[in-house]
Structure formats: structure tokens, C-alpha cells
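Peer 1: Have a look at this one before I ask anything.
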Amino acid sequence: MSAVVATDPLDGLLDPTIPPAGEPVIEALGVAKRYTRVTSRSLLSLVSRSGRKAPTLTAVEGLDLRIGRGETVGVLGHNGAGKTTLLRLLAGVTAPSAGRVRVAGRIAPLISIGVGFHPELSGRENIVVNGSVLGLSRERLAELTPAIVAFSGLADDVLDAPVKLYSSGMLLRLAFAVAVHTDPDVMLVDELLAVGDLAFQQRCLARMAELRARGVTVVLVSHSVFTIREVCDRAIVLSAGRVVFDGPAEEAVRVHQKLLGGDAAEAGSEAAAVLSDRAVVDAGGALVGDLVPGGRYRLRATLTARRELVDPHVMFTAYAEDGAIAYQMLSAVRRRHRTLAPDERATVEVGFTAALRPGTYQLTLQVLGDEGRQVLAHDVDGAVVRVAGPAEPDVSGPVPLRLGVTLR
Amino acid sequence: MTDVLELTPQPAGVGPWARSVWAHRSVLRTLAAKDFKVRYKRASLGVAWAVALPLVQAVVLAVVFGRLGLDTDGVDYLGYVLAGVTAWSFAALSFQAGTTAVVDGAALTDKIWFPRALLVLAPIGANLVGLAIGLGIVTAVQLGRGELGAEVLLVVPAAALLVALATGLSLVTSALYVSFRDVRFVVQAAVLLLFYVTPILYTPERLGGLADLLPLNPFAGAVGLFQQAFAGAAVGLPELAGTIVWTAVLLVAGVVLHQRGDRTFVDAL
């Protein structure tokens with residue numbers, strides 16, 4: 001396994017507490033986690049032993065994982081692939097049903113935001129509860145509070161208000177501020193950067209880079225292939241509780257998207273067709289990467305048939321930054337019932353209007369056969385485009401609804 | 001690099017469990033303080049209620065039972081009832097809150113690990129404030145009436161025993177409640193029943209021959225010790241021994257259940 005621990009050769013010489021290179025910080029060996037499906041148990045079931053075995057649900061199976069110090073490893077997978085269970089195992093929240101988990105160092109689980117926050121308590125009081133649960137002593141918390149407050153960027157009067165009055169963005173700021181100040185050796189992050197405005201997301205990414213430079217090991221679960229690409233050098237892909245890929249982040253993203261896109265296009269050589277030379281062009285046919293909101297563009301690619309393609313359909317998908325689908329449509333191809341002979345080439349073009357909020361989007365094409373039921377070709381990487389525009393700190397999501405709020 | 005987490009399907013054992021509880025003691029303090037704060041947060045009188053409620057209770061008991069003129073076998077009845085009710089309130093509140101603590105704390109424990117037993121200890125810790133206030137009021141009342149003797153020092157072992165008993169009981173029931181949600185109602189029923197079978201409003205002598213069964217009631221000895229401290233009603237040694245045995249057994253059972261379930265409770269929530 002390629003485990004690049006430190007890129008800078010001097011890195012390891014600066015801090016005497018660093019464990020010898022090659023010793024993993026996180027190690028999972030043959031780990032399985034099975035949940036017993038809880039069918040309402042009553043005290044009576046203690047008395048009447050009805051030898052039935054309760055049905056179990058396997059969340060993780062046969063998982064082996066070694067992560068070295070200072071690595072930032074992404075975790076990709078469908079919903080229900082076992083990502084959260086993996087983080088919960090690494091956080092020590094739950095014990096494995098089989099195998100062994102070993103994590104060396106202080107763990108800061110950012111699995112969800114604001115763990116232990118009580119709605120009636122003020123932001124300041126919640127810093128104490130949350131920090132304490134994350135393992136900070138009272139003295140250390142008192143020392144760190146100014147830094148935590150500064151990082152959160154929340155005003156004094158906000159911090160003195162009960163957190164039930166906070167927006168989700170404010171809660172996230174507070175939660176993240178506490179978590180990154182717990183001086184962790186291992187950080188477990190789940191989907192957390194999906195919330196909050198762009199500026200704060202940038203600050204979080206910067207702080208993670210800083211922690212990483214200090215040798216903090218980060219495990220990051222995200223649906224956002226952008227985040228995984230940007231932050232991680234390595235990623236694993238989970239499918240049905242098993243690791244199906246472990247390696248460079250870029251490749252992991254590809255494997256993940258293949259899994260998302262269906263299985264037909266998975267084996268490259270056996271694919272019925274290949275999409276290539278994908279590009280986004282404007283009305284004049286010039287290549288573009290930055291889109292003007294509301295502008296008209298075309299996503300273009302070359303389709304090469306490997307065998308006869310009868311009445312191919314085209315699926316266009318725009319993914320938002322968090323991996324959510326901003327828009328998806330199975331096409332009506334203008335000239336219907338076209339058939340491509342083996343080795344015949346055609347150009348697929350999808351015209352679209354960039355009616356999107358500012359941000360980064362990934363545009364992908366799939367070619368489907370059998371009335372859209374079978375994937376023939378999948379341009380997994382897609383075109384990454386930026387929709388330009390001013391930052392709107394209080395807005396999120398891909399659709400520009402242009403709200404007007406009044407209170408009468 | 002002293003923190004190393006090692007997880008296998010088997011629980012870590014009582015020793016490592018006890019060490020982890022000790023290492024997380026500051027969490028207990030924070031959680032107990034949080035419990036206490038949250039309770040009075042939205043009341044405009046705030047923490048004043050913590051004093052006002054036992055005070056109201058004391059006045060009611062004094063008026064009602066002070067004038068009933070019950071036959072109390074030579075015991076100072078007002079002091080006896082005040083001491084008994086104060087001890088009982090603490091035990092009942094702690095027992096009920098402790099029982100549901102692990103399940104109620106699901107949001108807290110879903111993502112972060114610390115010994116789950118701390119969730120059980122936190123409400124007991126928060127209730128200690130109420131117990132201290134209540135005992136302060138009883139002391140003041142008895143002092144004012146000139147009924148306080150040197151035996152008041154027994155309040156220290158009495159409180160220690162009662163806290164240990166409430167802890168042992170709650171550790172056991174909280175662990176059972178995770179899997180068996182009937183436990184909560186069983187506990188409610190038990191609290192209701194135990195109030196009447198424990199000599200609080202009456203002296204053990206009133207029970208006649210049934211008094212021999214008192215050692216079977218885990219609370220009889222602990223509450224009796226409070227009554228001796230404030231009203232000079234000597235606690236029966238069998239009752240005291242009964243409470244001590246119950247406490248020891250429940251603590252051991254509670255520790256065993258919690259160290260076993262520490263990292264699996266969460267799966268059943």
C-alpha cells in the first residue's frame with residue numbers, strides 16, 4: 001500500500017514525540033460491525049426464551065485499514081456503504097463485532113456538529129460542555145476560549161444567547177471552532193464542510209491544512225468529490241461495508257463515480273461505448289471553464305460505439321459542490337431511433353442554461369441503452385465548471401430563487 | 001502519545017473501565033453542572049427554586065404533621081419526617097433520572113465516546129445540590145427547635161451510603177433500560193411502592209411484625225440513618241446491614257453491566 005507519511009524529509013525531525021515512521025496511527029484488522037435489528041424487546045423476552053436469533057444488519061465487513069501519521073484520507077461510498085459506521089468505530093463509540101481497531105492519540109470526532117450542545121445554554125456555556133466532552137480540561141478550555149471565540153467569528157452578544165436561536169451555520173462555526181482547538185492527533189470529519197458559507201469553509205480547509213502540516217491525521221467522509229480531491233491525498237471507497245478501493249484520491253473518485261453510475265460502464269474494455277473529448281463550449285463554440293449565470297452553453301463529447309448502439313439515450317447530470325444532484329435529465333435525443341454501427345463516431349451535445357448559483361459544478365454525461373435502463377458509456381470525470389458571481393454568505397444550494405422576504 | 005484506543009469485540013475489563021471513568025471525571029463535573037443549570041434556565045426565579053421547593057415542602061410537612069399529633073413512640077416526629085422526606089426525594093429523583101440517563105443521552109453519545117456511566121452519575125451529582133440545600137433546611141429547623149444533637153454528624157455516612165445506593169441502583173437499571181424499555185415504568189412503580197414501604201411518614205415500630213422484613217428494602221437503612229441524625233430515632237442494625245449489602249451488590253452488578261455495555265449500548269439506542 002502506498003502510504004506517503006511525510007513529504008518533507010525534515011518534518012519528522014522537528015517533533016520528538018513523533019512515533020517511528022511506518023507505524024500506523026489508525027489500524028483496523030478484519031473489522032466487522034453487525035447491528036442486531038432491534039425488534040421491540042420487552043422484559044417478557046427474558047423469561048420466554050424463544051430460541052429465535054434476532055436478524056442482524058451488516059454495516060462493515062472484513063475491513064482492513066492502515067493510516068499513517070499526518071495522512072489525510074477520504075472515505076467515499078453510497079449512503080449505507082458503512083462510512084459513518086467506520087467513523088464511529090474509529091471514534092471508539094462502538095465496539096467491532098469482529099476484528100480489532102487501534103487508534104493511537106487523542107481523537108477529535110467531528111462526526112456531526114455540536115455534539116452535546118444544549119439548546120437552552122448559551123454559546124459560551126456550550127463551548128465548555130462540548131470541549132469537555134471532547135477531552136479538554138477546564139483549565140485548558142479557559143485558556144483556549146478566546147481562540148475558539150475568534151475562530152468562530154461570532155459576536156459577543158451572539159455567544160451569550162442560547163444556541164436554540166442560532167442558525168445551522170452559526171452552530172457549525174461554534175462546533176468546528178471547538179473541535180479544531182482540541183489539539184487532536186486524529187480528526188474524524190463527517191460531511192461537515194457541506195454547511196456554512198464559502199468564507200468559513202475556506203477557513204476550515206485552511207485550518208485542516210495547518211493541522212495536517214503539524215502531523216494530525218485526518219479521516220474525512222464526504223459526498224463532495226471536490227472536497228476529497230482538494231483535501232485528501234488518499235481515499236478509500238466503501239461499498240456494501242467493504243473497502244473496494246484504497247489509493248490515490250483522484251482514482252478513488254473515479255471508482256466511486258463508476259459505482260454511482262451503475263455497473264455496465266465499469267469494465268472499460270467491455271464497455272459498449274466510450275465518451276471522450278468532453279468540453280464545455282459557449283454559444284460561439286469557444287471552450288469555457290467559467291460560466292456566466294444565465295448564459296447558454298453546450299456540453300459536448302465524442303461518442304465511439306464499440307458495438308451496435310440502438311436508440312441511445314443521453315443522461316445529463318450537474319453535481320453541486322456537496323455532491324448533490326443539482327439537475328439531472330434523461331434526454332430526448334432530437335433525432336430519435338438513431339442507431340450507431342460498431343466503431344461509428346458521433347458527437348453528443350447537450351445545450352443548457354447556467355441558471356445556477358455561484359459555485360463549482362461537475363457536469364457529466366452518460367449514454368444509456370434499452371430505453372434508459374442500461375448504462376452504455378459514462379463520462380465519470382465530467383467537466384468541472386465554475387459559475388461566477390458575488391459571494392452570498394447567507395445562501396446555500398444550487399438554485400437561485402431570488403427570495404424576497406417581507407414581514408407584515 | 002499515551003492515549004491508545006484498542007477495540008475488540010470483548011469489553012476491556014473492569015480495570016481499564018474504571019481508569020477511563022476516572023480519566024473523564026471532568027466530563028462528569030461539566031455534565032452535572034449542565035443538568036443543574038438547564039433545570040432552572042428558563043425560570044425567572046432561577047436557582048432560587050432549588051431552595052424554595054424544599055422550603056415549601058418543609059412548611060407543609062410542619063403544618064400538616066405537626067398538628068396531627070400522631071403517636072410517634074417518643075420520637076420528634078417533625079424532624080423525623082423532614083429528614084426522611086429529604087433523603088427520599090434525593091433518592092427517588094436520582095434513581096428515576098439515572099435510570100433513563102443512558103437512553104436520554106443518545107444524542108450526546110452517538111458520535112463521541114466517554115464512559116456511559118458518567119451519564120448516570122451526572123443527574124445524581126446535580127441532585128446532590130438539592131440534597132445539600134434540603135439538609136441545610138432540616139438542620140436549621142431542628143436547630144431552631146433545639147432538637148439537634150451530636151448525632152447530626154451521622155449525616156455524613158448517611159449521605160455517602162444513600163449516594164452509593166442510588167448510584168448502584170441507577171447503574172443497573174440504566175444498563176437494563178437500554179435493552180428493555182419497560183424498565184422505566186417498573187422503576188416508576190417501584191418508587192411509588194417503596195415510598196410507602198419505607199418508614200418515612202411512620203416509625204418502624206408501627207409495622208409490628210412486618211418490621212422484620214425491612215432489611216429487604218434497600219432504602220430502609222439509608223433513610224433510617226438520616227432520621228437518627230436529625231430526630232434521634234435509632235436506626236435498626238438489620239436495616240442498616242441490609243442497605244449496605246444491597247448497595248455493595250448493586251454497585252458490583254452495575255459496574256459489571258456498564259463495563260460490558262460501554263461500547264455497545266449505543267447500538268441499541
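The numbers here are math on the coordinates, done by the rules we state, and not lab data. Values in this document were obtained by computation on a predicted structure and should not be read as measured data. All Cβ positions, even for glycine, are placed from backbone atoms using ideal geometry, and neighbour counts span all protein chains on display.
Peer 1: Kindly express, to the nearest 10 degrees and within the range 0 to 90, the angle between helix B:155-179's C-alpha long axis and the longest C-alpha principal axis of chain B.
Peer 2: It is inclined by approximately 40 degrees.
Peer 1: Give me the inter-chain shielding for B:102-114: mean count of other chain Cβ atoms within 10 Å, whole number please.
Peer 2: 6
Peer 1: Please work out the Cα center distance from the stretch B:235-269 to the stretch B:102-171, rounded to the nearest Å.
Peer 2: That distance is 16 Å.
Peer 1: Any of A:258/B:111; A:83/A:164; B:34/B:111; A:83/B:41; A:33/B:37; A:83/B:37 with alpha carbons more than 27 Å apart? Name them for me.
Peer 2: Pairs exceeding the cut-off: A:258/B:111; A:83/A:164; A:83/B:41; A:33/B:37; A:83/B:37.
Peer 1: Take every Cα pair under 8 Å in chain B that's 6+ residues apart, average their separations, divide by the length, and report that relative contact order as a whole percent.
Peer 2: In percent, rounded to a whole number, it is 28.
Peer 1: To the nearest 0.05, how large is the calculated FRET efficiency for residue B:213 and residue A:324 if R₀ is 60 Å and r is the Cβ-Cβ distance?
Peer 2: Between residue B:213 and residue A:324 the formula returns 0.35.
Peer 1: While we're here: Give, rounded to the nearest 20 debye, the magnitude of the charge dipole that the protein assembly as shown has about its Cα centre when Lys and Arg contribute +1 at Cβ and Asp and Glu contribute -1 at Cβ.
Peer 2: 1100
Peer 1: Return the FRET efficiency for the residue pair residue B:186, residue A:100: r is the Cβ-Cβ distance, R0 is 35 Å, and the value is rounded to the nearest 0.05.
Peer 2: 0.40
Peer 1: Could you pull out the trypsin sites (Lys or Arg not before Pro) across the stretch B:34-116 that fall in loop regions by DSSP (anything but H, G, I, E, B) with no more than 10 other Cβ atoms inside 10 Å?
Peer 2: Within the stretch B:34-116, the qualifying trypsin sites (Lys or Arg not before Pro) (loop, at most 10 other Cβ atoms within 10 Å) are B:42.
Peer 1: Rounded to the nearest 500 deg cm²/dmol, what is the calculated helix-only ellipticity per residue at 222 nm for the protein assembly as shown, with -39500 (n - 2.57) per DSSP H run of length n ≥ 4?
Peer 2: About -13500 deg cm²/dmol.
Peer 1: Over the stretch B:60-217, what is the relative contact order in whole percent, taking alpha-carbon pairs under 8 Å and six or more residues apart?
Peer 2: Dividing the mean separation by the residue count of the stretch B:60-217 yields 35 percent.
Peer 1: Using alpha carbons only, how many degrees (0 to 90, rounded to 10) separate the axis of helix B:77-104 from the longest principal axis of chain B?
Peer 2: Relative to chain B, helix B:77-104 is tipped by roughly 10 degrees.
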